[in-house]
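Right, one structure below, let's go through it.
The values are calculated or read from the model by the stated rules, or taken from the named source; none is laboratory data. Computed from a predicted structure; not experimentally measured. Because the Cβ atoms are built from the backbone with ideal geometry, glycine has one as well, and the counts that use them run over all protein chains shown. Keep in mind that these areas ignore ligands, DNA and RNA; they rest on the heavy atoms of the full protein, side chains included. Shrake-Rupley method; radii C 1.70, N 1.55, O 1.52, S 1.80 Å.
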Amino acid sequence: MSTSNTTPVDQRVDPSVAAELREKRKKTIQSSLGRRHRKEKTFRLFGFSAVLAGLFFVVLLFGSILSKGLPAFWQSSMSLPIHFDPAIVEIGPKPKPAAGESPAQFEERMIAWQMDVGMVDWDALIINGMIARDSKLESQRDELGYLYTSSEAYRLRDMVMNDPSLVGQSTEVKILADANVDVWLAGNIDRSLPAEQQQLSPEVRQVADEMKASGVIENSFNTNIFTSPDSRSSPATSGLAGAFLGSLFMMMIVIFISIPIGVASAIYLEEFAPKNWITDIVEVNINNLAAVPSIVFGLLGAAIFIGWMHLPLSAPLVGGLVLSLMTLPTVIITTRASLKAVPPSIRQAALGLGASRLQTVFHHVLPLALPGILTGAIIGVAQALGETAPLLLIGMSAFVASVPATPFDQSTALPVQIFLWQGNELRNFFEGRTAAAIIVLLAMMISLNSLAIWLRKKFEVRW
């Protein structure tokens with residue numbers, strides 16, 4: 001009996017059917033790949049569009065700020081030959097202590113001399129200087145007094161008080177134009193408005209235009225924005241010196257308080273603290289503090305530093321302490337993240353060679369984590385630089401017309417100064433000053449972030 005080697009017909013596959021199945025499978029795979037590729041292209045297109053949209057809005061923001069702020073760094077002014085005419089400046093020599101004279105008697109003579117200096121018609125010197133530049137202005141003497149800012153007369157007074165030998169001499173003095181004159185000449189007000197809606201009379205506007213055309217009034221770089229504090233009596237001389245130094249003092253306090261405490265806390269929690277429920281609660285609360293609104297820290301600072309400790313109101317010291325509390329969670333979190341990024345093998349190798357736990361952390365782990373720690377700390381300080389809400393609650397929104405000499409003196413800050421200028425009633429003039437202050441603030445923040453990037457690249461170690 002022989003066995004059959006033939007395959008049953010139902011177990012055979014027709015070659016045409018197999019080819020059809022392979023073709024169908026190939027089309028299915030190609031269709032699936034096509035859908036995947038289309039989805040990938042669509043996702044890449046959306047991502048690229050999002051980047052372009054972000055860049056567009058960034059360029060739009062910076063373009064708007066620069067277009068409004070850069071012109072504010074130039075201001076209308078007059079360079080005038082001021083002659084300290086003895087016929088106008090009728091004052092005696094500056095008193096000096098006499099033999100046998102008591103301090104009270106000398107002080108009385110000094111006060112009388114200062115009163116004589118204050119009674120001088122300093123405005124006449126400025127008007128005479130304008131006429132000396134252009135003799136045609138003699139017939140318009142009454143209008144000339146409205147062209148310059150009021151504080152310039154006091155500046156001439158201070159010049160003579162500091163150096164009485166100026167009497168009888170002539171010197172070139174840069175005189176700032178009034179804020180309303182600067183707005184008119186800069187074109188920041190609609191010239192077609194009726195006379196009753198203009199800030200200057202028709203005669204003063206005409207004289208200002210003529211002096212601008214003749215070159216008596218010219219645009220010059222505005223150094224007052226960097227060297228002068230804020231001013232309400234003379235808006236043309238308003239500057240950022242007080243706010244800049246106030247922010248500088250606060251950032252120094254933040255750097256010397258929040259960074260050492262934050263880094264030390266992070267090192268202890270990450271490297272030395274036992275892992276138990278107490279450290280878990282501490283870690284949770286640190287993460288929660290990082291999300292607390294900044295205005296809450298302002299309330300805390302007002303209650304503790306001003307209400308309980310009776311520290312001076314509106315002082316950079318208080319502002320720095322409040323911002324230090326706000327920055328601490330950020331410094332701790334970024335420092336812990338940098339320490340975690342160091343491979344465990346570094347610690348194990350150091351411990352294996354006989355190093356103590358302290359030596360392992362400070363000789364091996366910390367140097368490797370330093371770039372991330374510095375980056376996080378500087379970014380935290382840059383964030384604190386732009387905070388406004390907590391400073392408003394500790395009184396730093398008050399008008400301060402002086403430059404602070406110490407962190408205990410009253411002051412304001414750059415973000416608060418921007419807030420105050422934005423709400424000023426002389427909007428046409430201070431809109432440009434506000435944008436200029438934003439440029440200064442952004443320049444400081446970009447500088448801090450650039451420093452963070454440079455330090456990260458400098459200390460970065462690859463393993």
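Data overview
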| quantity | calculated |
| --- | --- |
| Filtered residues of the range 180-201 (kept if among the aliphatic types (A, V, I, L, M) and either over 19 Å from Leu156 (Cβ atoms) or open to solvent by 80 Å² or more (accessible area, probe 1.4 Å) (or both)) | Val183, Leu185, Ala186, Ile189, Leu193, Ala195, Leu200 |
| Total residues in the range 225-281, condition open to solvent by 40 Å² or more (accessible area, probe 1.4 Å) and either closer than 30 Å to Asp182 by Cβ or in contact with a strand residue (DSSP E or B) (Cβ under 6 Å, 6 or more places away or on another chain) (or both) | 7 |
| Residue in the range 68-84 that is farthest from Glu218 (Cα to Cα), counting only those that are over 18 Å from the mean Cα position of the chain (by Cα) and among the small types (Gly, Ala, Ser) | Ser79 |
| Tally, over the range 121-157, of residues that are in contact with a helix residue (DSSP H, G or I) (Cβ under 8 Å, 6 or more places away or on another chain) and among the small types (Gly, Ala, Ser) | 3 |
| Residue among Ala273, Ala264, Ala303, Ala290 that alone is among the aliphatic types (A, V, I, L, M) and within 20 Å of Pro407 (Cα to Cα) | Ala303 |
| Subset of the range 158-181 [touching a residue at least 24 places away in the same chain (Cβ under 8 Å), touching a helix residue (DSSP H, G or I) at 6+ places or on another chain (Cβ under 8 Å) and not small (Gly, Ala, Ser)] | Val160, Met161, Leu166, Val167, Val173, Ile175, Leu176, Asp178, Asn180, Val181 |
| Number of the exception - Gly63 against (1) more than 30 Å from Ala437 (Cα to Cα); (2) at pLDDT 90 or above | (1) |
| Subset of the range 405-439 (residues that are part of a helix (DSSP H, G or I), within 25 Å of Pro316 (Cβ to Cβ) and open to solvent by less than 20 Å² (accessible area, probe 1.4 Å)) | Leu414, Pro415, Val416, Gln417, Trp421, Phe430, Arg433, Thr434, Ala435, Ala436, Ala437 |
| Hits in the range 250-278 (condition: touching a Ser or Thr at 6+ places or on another chain (Cβ under 7 Å) and over 12 Å from Ile333 (Cα atoms)) | Ile253, Val254, Ile257, Ser258, Ala273 |
| Which numbered condition Val322 fails, given (1) assigned to a helix (DSSP H, G or I); (2) surrounded by fewer than 14 Cβ atoms within 10 Å (Cβ to Cβ) | (2) |
| Some residue of the range 389-404 being open to solvent by 10 Å² or more (accessible area, probe 1.4 Å), assigned to a helix (DSSP H, G or I) and touching a helix residue (DSSP H, G or I) at 6+ places or on another chain (Cβ under 9 Å) | yes |
| Sole residue being touching a residue at least 60 places away in the same chain (Cβ under 8 Å) and open to solvent by 70 Å² or more (accessible area, probe 1.4 Å), chosen from Pro103, Pro71, Pro97, Pro86 | Pro71 |
| Any chance Pro81 is open to solvent by less than 100 Å² (accessible area, probe 1.4 Å), assigned to a loop (DSSP other than H, G, I, E, B) and either in contact (Cβ under 8 Å) with a residue 12 or more places away in the chain or not small (Gly, Ala, Ser) (or both) | no |
